[in-house]
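Peer 1: Just passing along the structure, written as structure tokens.
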């Protein structure tokens, strides 16, 4: 505790504005979960509408889907949640992929498929995820970027219910959600697979919240493990993903939405929690300690390497480890900043690491949001610890399908990586529907197979490789070919438009207003944090770095015409009730990657809304 720590200088309060009508909901992809009906704002009149701008690649968006489930159930007669799917990757603009994602993540509300970002632009959204609250009369009353806002929105919903009940403008009743017909099959959106010592295959049947053991043919079901319903007690799972075999014969499972590691013993069928509390990790929480007392955040894959279980902690863009003998967890690499930055493990940046594969002195990583293949290795003679290096990939906004030299090769949101016997690596190039290969000996990338539907993992079985085709709900066996399949090169940048900014000084304002009934928590020093950097680093002549003010004067380099501003903001607020000795406190945080282009008639102020209200 630092009693002398200065309070943060408050950003200028946003000016109160006239009530703003919510723009109409438009999207060329049409509507899902409505029984074929097209919805308009008029159909929502009399209800409280919450627009959830999301894209299915984004782990923060998936966190928000889970945060909203309780509110959705509790206020189902007054609140309508509308998902507005706003794609980042080319694959996410495919309507069939959105249909799959809505089922995969059990989205139980209407979804507008907006492949051209039309509604995103109408609402001036700048980040995934963003939540917009519309009152029963059709006016915007709040906007929140990032995750962790469910408590504030729940309180606002109760206030709006009371206000509009009194005015006679609240309409209760069933919402427009129409559940799709259930689909039969042995697997539904499987995530990862593992070859058991018996020769059978264990698969995380993610959408059905269970594990399934298949015979060696990869098709015949031997047994299923888990209740099949979302849960944390007993042998229940919640969207499990990664699997790894431990030296004692047990299997460690990344129980992703339970934010936990579980073990499954094939000999006894017993499931046990070994790490995590069931709660999601937030900034300021412990990052090491007894495994069952430390929160985790969306562990996506696991691998046994150098005497520990390494964890791809997708939810916070880090690698963690679990030591089964000591019963402890700790951060192994990454700062929680989202991006691609190599170097010492403690300083590296990741973006949703989602696949791991141990191969001798290297641990390979599928870093999904940077469309990158990366690896961990020892720092080298005379140095301690580990370093992070990238083999393929350049950053958050460049992706595609291009073979050749690794410096020029492109992937699109890979989720799985598999070490091959010759020292090369197979990459499940998920959004390219392909299996790719990187050869460290030649530094080149090739394509092994195409027409795989969202491959998310692969395992070696003899001379074959068995691929988890997640969106085809099956395992597919391939013979590793001696030569790669040739494909036409395609390169993409995210279709999100760059913000045009004026040369010289750019004023950055992160707009934060504590939710109703709360105030900034300054008991232990500054309650806000702002971290700014850029790609390329030369974009900023001044203004990068960390601070406690939620605003910053950035000096743009006149010799750099475009790039990406990386902004990370955090604010802590607590219930404002002097009589409450133990107020409930909440952390609001969001990372933005804002593409910018310097033009003479660009803006000189860049506002980013962390949490705000319209008057």
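Peer 1: Could you give the angle, 0 to 90 degrees to the nearest 10, between helix 95-104's Cα long axis and the longest principal axis of the Cα atoms of the chain?
Peer 2: 90
Peer 1: Next up: Show me 567-574, 405-412, 593-600 ranked by packing, highest mean number of other Cβ atoms within 10 Å first.
Peer 2: 567-574, 405-412, 593-600
Peer 1: Can you put 255, 248 in order, fewest other beta carbons within 10 Å first?
Peer 2: On the way: 255 29, 248 8.
So the ranking, lowest neighbour count to highest, is 248, 255.
Peer 1: Need one number: nm distance between label points at residue 451 and residue 499, each 7 Å from Cα along Cα→Cβ, rounded to one decimal.
Peer 2: Between residue 451 and residue 499, the label points sit 4.5 nm apart.
Peer 1: Helix-derived [θ] at 222 nm for the chain: sum -39500 (n - 2.57) over DSSP H runs of at least 4, divide by residue count, nearest 500? Kindly include the intermediate steps, with their values, before the conclusion.
Peer 2: Working: 5 runs with 53 residues, N = 615.
That comes out to -2500 deg cm²/dmol.
Peer 1: Can you work out the FRET efficiency for the pair residue 408 and residue 601, with r the C-beta to C-beta distance and R0 = 45 Å, to the nearest 0.05?
Peer 2: Between residue 408 and residue 601 the formula returns 0.85.
Peer 1: Based only on other Cβ atoms within 10 Å, what is the fewest-to-most ordering of 610, 448?
Peer 2: Going from least to most buried by this count: 448, 610.
Peer 1: Compute the distance in nm between two label points, each set 7 Å from the Cα along the Cα-to-Cβ direction, one at residue 155 and one at residue 20.
Peer 2: 2.2
Peer 1: Report, for the chain, the % of DSSP beta bridges that are antiparallel, rounded to 5.
Peer 2: Around 85 percent of the beta bridges assigned by DSSP in the chain are antiparallel ones.
Peer 1: Can you order the peptides 260-267, 37-44 by their average number of other Cβ atoms within 10 Å per residue, highest first? Working shown, then result.
Peer 2: Details: 260-267: 19.5, 37-44: 13.6.
The packing order, highest mean first, is 260-267, 37-44.
Peer 1: Same structure, new question: Tell me, what is the FRET efficiency for residue 163 and residue 235 to the nearest 0.05, using R0 = 51 angstrom and their Cβ-Cβ distance as r?
Peer 2: Efficiency, from the Cβ-Cβ distance: 0.65.
Peer 1: May I ask for the Kirkwood hydrodynamic radius of the range 11-182, worked out over all distinct Cα pairs and given in angstroms to one decimal?
Peer 2: 16.2
Peer 1: Using the alpha-carbon centroid of each, what span in Å lies between the range 307-324 and the range 350-398?
Peer 2: Centre-to-centre distance over Cα atoms comes out at 13 Å.
Peer 1: Next up: Compute the Kirkwood hydrodynamic radius of the range 337-462, taking the inverse of the mean of 1/r over all pairs of distinct Cα atoms, and give it in Å to one decimal. Spell out each step's value before the answer.
Peer 2: Numbers: mean 1/r = 0.0699 Å⁻¹.
Taking every pair of different Cα atoms in the range 337-462, averaging 1/r and inverting gives 14.3 Å.
Peer 1: Nearest 10 degrees, 0 to 90: what angle lies between the long axis of helix 150-167 and the longest principal axis of the chain (Cα atoms)?
Peer 2: It works out to around 40 degrees.
Peer 1: I'd like to know how the chain sits against the 2.2 N^0.38 Å rule of thumb: what's its Cα Rg over that expected value?
Peer 2: 0.95
Peer 1: Using Cβ counts within 10 Å as a stand-in for footprinting exposure, how do 386, 438 rank, fewest first?
Peer 2: 386, 438
Peer 1: On average over all directions, what projected area in square nanometres does the range 498-615 have, based on the convex hull of its Cα atoms? Before the final figure, lay out each step's value.
Peer 2: Values: hull surface 32.1 nm².
Result: a mean projected hull area of 8.0 nm².
Peer 1: Now for a different question. Grab the beta carbon distance between residue 216 and residue 122, set R0 = 41 Å, and tell me the FRET efficiency rounded to 0.05.
Peer 2: 0.15
FYI, it's all coordinate maths here, none of it is from the lab. Computed from a predicted model, the values in this text were never measured in an experiment. All Cβ positions, even for glycine, are placed from backbone atoms using ideal geometry, and neighbour counts span all protein chains on display.
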